[in-house]
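The values are calculated or read from the model by the stated rules, or taken from the named source; none is laboratory data. Keep in mind the model is a prediction, meaning the values are calculated, not measured. All Cβ positions, glycine included, derive from the backbone under ideal geometry; neighbour counts span all protein chains shown.
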Amino acid sequence: MRSSQVTRNTLETQITIQLDLDGSGKARFDTGLPFLEHMLDQVARHGMVDLDIVARGDLHIDAHHTVEDIGIALGQAFNQAVEDKNGLRRYGHAYVPLDEALSRVVLDISGRPGLEFNVNFTRASIGDFDVDLIHEFFQGFVNHALVTLHIDNLVGKNAHHQAETVFKAFGRALRMALEIDPRMEGMMPSTKGVL
């Protein structure tokens, strides 16, 4: 089974994540960050992964450490769960619309961390959630998942819609990249022979 559990404890945050890459889209969250939980629920549902995240952080300061460390821990959990990359499709992509917003996410389970994040949010916060933290979440994820990730919001006027299309497209791209290609069974999807 492609699953993992990661615990990350720092002086700023305490996080436990359980991840099943071959799940059914079930999610449970206890982070103190309702908007982030709403976004991560999109990843679970559209990525067909099971995700359980419990996080305690210094939210009395702000949400930065908690959001970034959830990204880091999720990246670590992903990297552990995807351990055997033989037969993977490796690449995933998705376009997702929501009313006036449209985002594209392209992903490579490459073994190399890289993030291109091109989202010009139309406002600085969604409720009390600072939209700058979305970049921090994905940067933490790619650094520890060892994936290359391109995120582009192509159009959008409503910041909530912009964010939601990003997270939904991320889930769909993950789902595609994680699929096993029957024609590649037992083969590494790289001319290098390693990812």
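General remarks:
- The set of residues from region 34-62 being free of Cβ contacts under 8 Å to residues at least 24 places away in the same chain and over 19 Å from Glu164 (Cα atoms) comprises His60, Ile61.
- Considered as a group, the residues in region 24-36 that are on the phi < 0 side of the Ramachandran plot, in a loop (DSSP other than H, G, I, E, B) and not polar (S, T, N, Q) include one that is surrounded by the most Cβ atoms within 10 Å (Cβ to Cβ), and that residue is Leu33.
- Pairs, first farther than 12 Å from His150 by Cβ in region 103-121, second assigned to a strand (DSSP E or B) and of a type in the set (Phe, Trp, Tyr), C-beta under 8 Å, six or more apart: Ile109/Tyr91
- Residues located in region 152-170, provided they are surrounded by 24 or more Cβ atoms within 10 Å (Cβ to Cβ), among the aliphatic types (A, V, I, L, M) and touching a Phe, Trp or Tyr at 6+ places or on another chain (Cβ under 7 Å): Ala169
The rows are residues; the columns are (1) within 26 Å of Pro34 (Cβ to Cβ); (2) of a type in the set (Lys, Arg); (3) at pLDDT 95 or above; (4) not in a strand (DSSP E or B).
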{"site": "Leu102", "(1), (2), (3), (4)": "yes, no, yes, no"}
{"site": "Arg112", "(1), (2), (3), (4)": "no, yes, yes, yes"}
{"site": "Arg123", "(1), (2), (3), (4)": "yes, yes, yes, yes"}
{"site": "Leu133", "(1), (2), (3), (4)": "yes, no, yes, yes"}
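- When residues in region 113-132 are screened for being in contact with a Phe, Trp or Tyr (Cβ under 7 Å, 6 or more places away or on another chain) and surrounded by 13 or more Cβ atoms within 10 Å (Cβ to Cβ), 5 of them pass.
- Some residue of region 37-54 being under 23 Å from Glu179 (Cβ atoms), modelled with pLDDT of 95 or more, assigned to a loop (DSSP other than H, G, I, E, B) and not charged (D, E, K, R): yes
- Of all the criteria given as (1) under 26 Å from Arg8 (Cβ atoms); (2) touching an Asp or Glu at 6+ places or on another chain (Cβ under 7 Å); (3) basic (Lys, Arg), the one not satisfied by Arg175 is (2).
- Options Glu179, Glu83: the member that is surrounded by fewer than 16 Cβ atoms within 10 Å (Cβ to Cβ) and over 25 Å from Ala55 (Cβ atoms): Glu179
- Residue list for region 86-109, restricted to those being buried (at least 21 other Cβ atoms within 10 Å of the Cβ), under 30 Å from Thr191 (Cα atoms) and not small (Gly, Ala, Ser): Leu88, Arg90, Val105, Leu107, Ile109
- Criterion (farther than 21 Å from Ile134 by Cβ, under 13 Å from the mean Cα position of the chain (by Cα) and of a type in the set (A, V, I, L, M, F, W, C)) met by exactly one of Met48, Met39: Met48
- Qualifying residues in region 141-151 (those that are of a type in the set (A, V, I, L, M) and not in a helix (DSSP H, G or I)) - the one surrounded by the fewest Cβ atoms within 10 Å (Cβ to Cβ): Leu146
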